[in-house]
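Below is one structure, written out as structure tokens, with a few remarks after it.
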Amino acid sequence: MTMTITPDQVERIVWNQHQDPFEVLGPHAIEQDGKPAWVVRAYQPHAEAVWVVCPEERTEYPMQTIHNPHFFECVISGPELTNYQLRIKEGEHERVIYDPYAFRSPYMTDFDIHLFTEGNHHRIYEKLGAHLTEMNGVKGVYFAVWAPNARNVSVLGDFNYWDGRKHQMRRIGNGVWELFIPELGIGAHYKYEIKNPAGHIYEKSDPYGFQQEARPKTASIVTDLDSYSWQDNDWMEQRRHTEPLTKPISVYECHLGSWLHAASAEPSRLPDGTEEPVVVVSELKPGARFLTYRELAAKLIPYVKELGFTHIELLPIAEHPFDGSWGYQVIGHYACTSRYGTPQDFMYFVDQCHQNGIGVIVDWVPGHFPKDGHGLAFFDGTHLYEHADSRKGEHKEWGTLVFNYSRNEVRNYLVANALFWFDKYHIDGIRVDAVASMLYLDYCRKDGEWVANQYGGRENIEAADFLRQMNHVIFSYFPGILSIAEESTSWPMVSWPTYVGGLGFNLKWNMGWMHDMLDYFHMDPWFRQFHQNNVTFSMWYNHSENFMLALSHDEVVHGKSNMIGKMPGDEWQKFANLRCLYSYMFAHPGKKTLFMSMEFGQWSEWNVWGDLEWHLLQYDPHQKLKQFISTLNSLYRSEPALYTQDFAEPGFEWIDCSDNRHSVVAFVRRAKDSDEFVVVVCNFTPQPHSHYRVGVPEKGFYKEVLNSDSREYGGSNMGNLGGKWTDDWAYHNRPYSIDLCLPPLATLVLKIDREKTAAALAGNG
């Protein structure tokens, strides 16, 4: 037989050193004796014999070995070679496959690569990763991965015995490697074998993989994200036309893995009756398993609905190797964690939330990633996703690496990822973790451990530009969503639009308010008179940003005690303090976030490997606190004055903020485009006050719509017998005033009863 290929080319395939195996393997048109013919080559490392099978012609051609006992070749005469197959004999076994090198994929186009190279391919996750597709009438999976500095890349999987020689990928533009593998389907486990120029091998999970094995395993899994049938069209359409900042937003922050556990001896079942894999909570707790997304839909959603929250915020649910990171050390940014089930199961959870009128916010972590060998670190044998300089590329305190935001493809990876969760999972918002760590080059770094920007400053300009790009993109595609920054510094205009120079978030966590209030409530009430500014200071800067008031998971870990433990006094006072804090929080301008367990007063700190202390709900104080949260949410959602003008100056007026001697504040909250308002009076000490006079804007009967000291919530039941009439007595620069009884450690919310007032005034006339 005439030589059709050089030994060198064969050796490069055999030793897995070829950047375009299609040049050697698969079908190639040649001329033999002046007539058109085809040469077919295959490398099958375990084969004893191989045949080319042409099913349509019902013919079979034996292949010959050349240069290597496992490198096969045959020449077939004729101008056309239709979809052929390879019959492979390996020991006593035979199998018939389609040749992957017979399929030259048009899946990743030059335009895709162009957009990706400049960092603007918003849906790059539809091209990179593993995708079910069909080529030339044959179904299979298309794989693509970005590894520009790799010598060569292969697909490893349970379908090729994890042998990198069998499915070598070809390099196309900008260091993207691709391969279509016929007859693969959903459920195939795979990784990428990446070799650096020196030949060192790295086995990596797919950065764009949509599913991963449950820890401690690390392979990616082929799945179809378009197979789920969504039932939330009404919700999604309504969201498009909604301005969320004028709506009530009350968020229940939740870590799915520690909200509630089930017995590992009792696996969950899918609707068709099949058992879902059991994922135990930890080696120290083998008898407990995680609830699945579907079980959580059945248990968590009714619970949150009963409490009256508008949204559930989930601590990161992207795939992560270590439970103790709470999800904040992400490995698979495009894969929802398999601890609780499949991507379709999570879609079902979100769908059920929407059908029950609850929005879903997920924690998103673009600030850093762990060093685990199967992840993004040193991905192609070089610092690809991270900075090479550890002064820029490493958070030593966290043991993690920092994304290189100046690299277009890395920025594209993250921007597209933010869009991905809205696109594929219908989420309603993201809470972006640790924004301050991204914005400042010297974050948690000493002198000499960081590098200044080009202007000599400490601001990370590339990170700020990335955040602007990300927010601009997600709001362009999905109006009506939330993008919330956990930003703890005074960086300007975090929640301002990008077109005026802001970072483009629409909410920012108010960490200042949170620290001030927790410090204030932690002290003995007698000392509060000297710290009135803790309560009032937030209104000095309230209109500089769109604030979210958050009492989060970070405040109930690491020896800080849970909320009830922070409060001074005996048990009664602790619960009274907590009700007072919560009601002041809900009356204060800004949207609201409470972490799970705060709603019923758990005593212990949050433990990621445990579940919540649900047994406490058998005790009256805890049950009544939970009832109080339901009432508070109901009041909040029913009073436009408490949410329509959170970020506009007309929405808030102090009545009196200077009565530090009694530790009392009073203020008015006003609704947008109406004359509705509520009067809020807070007494932050256990000392009740009779005949406490408060100025009010209008004459009439003020109904007591909330009294946090009510007996039904466990209070002393002091109050104003349902409401008070005004006196024609100007006070606090108001034309009228009311004589109130202020209960101990309590908040009153009063609202004018216009019907009763009008009837009384008409009677007087």
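Of Ser264, Val535, Ala130, which is farthest along the charge dipole of the chain in the positive direction, counting Lys and Arg as +1 and Asp and Glu as -1 at C-beta?
In the chain, that residue is Val535.
List, in order, the whole-Hz ³J(HN,Hα) value for each residue of segment 484-496 obtained from phi through the Karplus relation with A = 6.51, B = -1.76, C = 1.60 and θ = phi - 60°; use x for Gly and Pro.
Those phi angles translate into 10, 9, 8, 10, 10, 10, 9, 3, x, 6, 4, 9, 9 Hz.
Given a cut-off of under 8 Å on Cα pairs at least six residues apart, what relative contact order in percent is computed for the chain?
Numbers: 1666 pairs, mean separation 63.3, N = 765.
Averaging sequence separation for qualifying contacts and normalising by length gives 8 percent for the chain.
Given Cβ point charges of +1 (Lys, Arg) and -1 (Asp, Glu) and nothing else, what value in debye, to the nearest 20, does the dipole of segment 256-363 about its Cα centre take?
About 160 debye.
Let me check against my output: what whole-number percent is the relative contact order of segment 50-97, with C-alpha pairs under 8 Å and at least 6 apart?
Relative contact order of segment 50-97: 36 percent.
Can you put Glu459, Glu92, Glu599, Glu57 in order, fewest other beta carbons within 10 Å first?
Numbers: Glu459 15, Glu92 5, Glu599 25, Glu57 12.
With the fewest neighbours first, Glu459, Glu92, Glu599, Glu57 line up as Glu92, Glu57, Glu459, Glu599.
Tell me the net charge near Tyr636. Cut-off is 12 Å between Cβ atoms, Tyr636 excluded, with +1 for each Lys or Arg and -1 for each Asp or Glu.
Result for the neighbourhood of Tyr636: +3.
In Å and whole numbers, how far do the C-alpha atoms of segment 1-107 stretch along each principal axis, longest first?
Principal-axis extents of the Cα atoms in segment 1-107, largest first: 36, 32, 32 Å.
So how far, in whole Å, is the C-alpha centre of segment 394-416 from the one of segment 236-254?
The two parts, judged by their Cα centres, are 30 Å apart.
Mind listing the long-range amide H neighbours of Trp38? Cut-off is under 5 Å, sequence gap 5 or more, other chains count too, H placed in the peptide plane at 1.01 Å from N.
The answer is Ile30, Ile76, Ser77, Gly78.
Where does each of Thr4, Thr400, Thr757, Thr59 land when they are ranked from fewest to most other beta-carbon atoms within 10 angstrom?
Thr59, Thr4, Thr757, Thr400
Below 15 angstrom from the Cβ of His515, what's the summed charge of the other residues (Lys, Arg +1; Asp, Glu -1)?
Charge balance near His515 sits at -3.
If you take the square roots of the eigenvalues of the alpha-carbon gyration tensor of segment 619-765 and sort them as a ≥ b ≥ c, do you get rounded (a/c under 1.5), prolate (a/b over b/c) or oblate?
rounded
Would you mind checking which residues have amide H under 5 Å from His167's amide H? H placed 1.01 Å from N; only 5 or more apart, or other chain.
The list, which skips near neighbours in sequence, is Val155.
How large is the translational diffusion coefficient of segment 447-486 in µm² per second when you combine the Kirkwood radius over alpha carbon pairs with Stokes-Einstein at 4 °C and 1.567 mPa s?
Value of D from the Cα-based Kirkwood radius: 106 µm²/s.
State the dimensionless ratio Rg/Rh of segment 568-612 (Rg: radius of gyration of Cα atoms; Rh: Kirkwood radius).
Across segment 568-612, the Cα-based Rg/Rh ratio is 1.03.
Restricting to DSSP loop positions (anything but H, G, I, E, B) with no more than 13 other Cβ atoms inside 10 Å of their own Cβ, which chymotrypsin sites (Phe, Trp or Tyr not before Pro) remain in segment 68-114?
none
Angle, helix 461-477 long axis vs. longest principal axis of the chain, Cα atoms, 0 to 90°, nearest 10?
That works out to roughly 90 degrees.
Per DSSP helix of 4 or more residues, -39500 (n - 2.57); summed, then divided by the residues of the chain. What does that give at 222 nm, rounded to the nearest 500?
Working: 17 runs with 172 residues, N = 765.
One gets -6500 deg cm²/dmol as the mean residue ellipticity at 222 nm.
Rounded to the nearest 0.05, what FRET efficiency is calculated for Lys560 and Thr4 with R0 set to 45 Å and r the Cβ-Cβ distance?
It comes to 0.05.
Which whole-angstrom value gives the distance between the alpha carbon centres of segment 443-492 and segment 5-83?
53 Å
Would you mind ranking Trp509, Trp614, Trp496 so that the residue whose beta carbon has the fewest other beta carbons within 10 Å leads the list?
Trp614, Trp496, Trp509
What residues have an amide H closer than 5 Å to that of Asp709, excluding those fewer than 5 places away on the same chain, when H is modeled at 1.01 Å from N in the peptide plane?
It is Thr747, by chain and number.
Counting Lys and Arg as +1 and Asp and Glu as -1, what is the net charge of the other residues whose Cβ lies under 12 Å from the Cβ of Gln627?
0
Quick check on packing: order 15-25, 417-427, 536-546 by the mean number of other C-beta atoms within 10 Å, highest mean leading.
Working: 15-25: 18.8, 417-427: 20.5, 536-546: 16.8.
Answer by packing, highest mean first, reads 417-427, 15-25, 536-546.
Based on Cα positions only, what radius of gyration and what Dmax would you give for the chain, in angstroms?
31.7, 117
Please report the spacing between the Cα centers of segment 111-147 and segment 671-742 in Å, no decimals.
After rounding, the separation between the Cα centres reads 62 Å.
In whole percent, what relative contact order does segment 303-415 give with Cα contacts below 8 Å and a gap of six or more residues?
21 percent
So, with +1 on the Cβ of K and R and -1 on the Cβ of D and E, and no other charges, what is the size of the charge dipole of the chain about its Cα centre, to the nearest 20 debye?
Computed about the Cα centre, the dipole is about 1280 debye.
Please list, in order along segment 502-508, the HN-Hα scalar couplings obtained from phi with the Karplus expression 6.51 cos²θ - 1.76 cosθ + 1.60 (θ = phi - 60°), rounded to whole Hz, x for Gly and Pro.
3J(HN,Hα) across segment 502-508, in whole Hz: x, 7, x, 5, 9, 9, 9.
Order 630-642, 521-533 from most to least packed using the mean count of other Cβ atoms within 10 Å.
Taking the mean over residues of other Cβ atoms within 10 Å, the ranking is 630-642, 521-533.
Lysine pairs in segment 628-765 with alpha-carbon atoms under 18 Å apart, 8 or more places apart or on different chains: how many are there?
Lysine pairs meeting both conditions in segment 628-765 amount to 9.
Read-outs: derived from the displayed coordinates by stated rules, not from any lab. Just so it is clear, the model here is predicted, and its values are computed rather than measured. Using ideal geometry, Cβ is built from the backbone for each residue, glycine included, and neighbour counts are taken over all protein chains shown.
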